[in-house]
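Colleague: Take this structure first; my questions come after.
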Amino acid sequence: MVFSSVIFLFYFLPVVLGAYFLFPRARNDILLVASLVFYAWGELAFFPVLLGVIAINYIVALRFAGARRRRAWLVAGICANLAVLGCFKYLSFLDANLHGLLGWHIPGAGRFSRIPLGISFFTFQAMSYLIDVYRSVATHSPSLLNVGLYIGMFPHMVAGPIVRYHTIAKGLIRRCITAGRILFGLRLFVVGLAQKTLIANNMGVVA
């Protein structure tokens, strides 16, 4: 599901926005469910990968609190994220080269022949969460829902940008919504959509 598609513009987005403003006390729940549906729509086979990354980083950040070996937990968490990213992005490449040079195959490498949608973005988002909590520029969130929303929020799931956790940590708990901010967001979306459909898509055909 891409942002310029009919299914997103006329079905998914209106439903999400409608629910968001109709149920103000459940806004984070609505955004998280929407983000999970958005990801499952495009990459159902890799949906468990996203859930696993969210769960791992939530647990590791909780272990920072009062832990004597905070650095060890940080290294373990970052290594886990990089392992997920490396397996999907580089294991098949390494397997193909080993087979070409030595005739060897890495057991199970075929399972990682496809790259999950947005894996670079949500793994680096997850690492930002761990690093910010470790450096004490943000506190760990006791809410798995909020951590999942930060890592998997659908507006930046596909193409970023990667947002540092400490910059939006407070916004995950309390947001100020005004008419001016809504109009500013709509203007950004419309301009970006026009650039995508009128310029980027046509230039992509030429390229």
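Colleague: Which of the residues that make up the stretch 1-19 are open to solvent by less than 30 Å² (accessible area, probe 1.4 Å) and either in contact (Cβ under 8 Å) with a residue 40 or more places away in the chain or not in a helix (DSSP H, G or I) (or both)?
Modeller: S5, the sole residue that qualifies.
Colleague: From the list S92, S128, S120, which one is at pLDDT 90 or above, surrounded by 13 or more Cβ atoms within 10 Å (Cβ to Cβ) and in a helix (DSSP H, G or I)? First the steps, then the outcome.
Modeller: Numbers: S92 fails: at pLDDT 90 or above; S120 fails: at pLDDT 90 or above.
Being at pLDDT 90 or above, surrounded by 13 or more Cβ atoms within 10 Å (Cβ to Cβ) and in a helix (DSSP H, G or I) holds for just one of S92, S128, S120, which is S128.
Colleague: While we're looking at this one, here's another question. Failed condition for L193, given (1) open to solvent by 50 Å² or more (accessible area, probe 1.4 Å); (2) closer than 20 Å to V6 by Cα, with all others met?
Modeller: With respect to (1) open to solvent by 50 Å² or more (accessible area, probe 1.4 Å); (2) closer than 20 Å to V6 by Cα, L193 is out only on (1).
Colleague: Just the residues that are aliphatic (A, V, I, L, M) and either open to solvent by 20 Å² or more (accessible area, probe 1.4 Å) or not in a helix (DSSP H, G or I) (or both), please, taken from the stretch 20-36.
Modeller: Residues of the stretch 20-36 aliphatic (A, V, I, L, M): 22, 26, 30-34, 36.
Hits for the stretch 20-36 are L22, A26, I30, L31, L32, V33, L36.
Colleague: Right, here's the next one. Residue check, T139 against (1) part of a helix (DSSP H, G or I); (2) in contact (Cβ under 8 Å) with a residue 24 or more places away in the chain, all met but one. Which one?
Modeller: Exception for T139: condition (1).
Colleague: For the stretch 151-190, which residues satisfy the criterion of being aliphatic (A, V, I, L, M) and either open to solvent by less than 50 Å² (accessible area, probe 1.4 Å) or under 25 Å from R135 (Cβ atoms) (or both)? Break it down stepwise before answering.
Modeller: Keep residues of the stretch 151-190 that are aliphatic (A, V, I, L, M), which gives 151, 153, 157-159, 162-163, 168-169, 172-173, 177, 179, 182-183, 186, 188, 190.
Passing the criteria: I151, M153, M157, I162, V163, I168, A169, L172, I173.
Colleague: Among the residues of the stretch 42-64, write down those that are at pLDDT below 90 and open to solvent by 60 Å² or more (accessible area, probe 1.4 Å).
Modeller: L44, A45, L62, R63 - these are the residues of the stretch 42-64 that are at pLDDT below 90 and open to solvent by 60 Å² or more (accessible area, probe 1.4 Å).
Colleague: Moving to a separate point now. With the checklist (1) in contact (Cβ under 8 Å) with a residue 24 or more places away in the chain; (2) open to solvent by 30 Å² or more (accessible area, probe 1.4 Å) in hand, flag the one item Y39 doesn't pass.
Modeller: (2)
Colleague: A further question follows. What helices (runs of 4 or more DSSP H) lie completely within the stretch 144-207 and have 1 or more residues being aromatic (F, W, Y) and either modelled with pLDDT of 90 or more or within 24 Å of T123 (Cβ to Cβ) (or both)? Give the steps one after another, and end with the answer.
Modeller: Numbers: elements: 144-152, 165-173, 179-194, 201-206.
It comes to 144-152, 165-173, 179-194.
Colleague: Any residue that is more than 16 Å from L51 (Cα to Cα), among the basic types (K, R) and under 17 Å from the mean Cα position of the chain (by Cα) - is there at least one of those in the stretch 135-145? Outline the logic, then answer.
Modeller: The first filter runs over the stretch 135-145 and keeps only residues more than 16 Å from L51 (Cα to Cα), leaving 135-142.
Then keep just the ones that are among the basic types (K, R); that gives 135.
Then drop every residue that is not under 17 Å from the mean Cα position of the chain (by Cα), which leaves none.
Scanning the stretch 135-145 turns up no residue that is more than 16 Å from L51 (Cα to Cα), among the basic types (K, R) and under 17 Å from the mean Cα position of the chain (by Cα).
The values are calculated or read from the model by the stated rules, or taken from the named source; none is laboratory data. The shown structure was predicted, so the numbers you read here are calculated from the model rather than taken from an experiment. Virtual Cβ from ideal backbone geometry, glycine too; neighbours counted across all protein chains shown. For the accessible areas, the whole protein counts, side chains as well, though only heavy atoms, and no ligand, DNA or RNA atoms are used. Shrake-Rupley method; radii C 1.70, N 1.55, O 1.52, S 1.80 Å.
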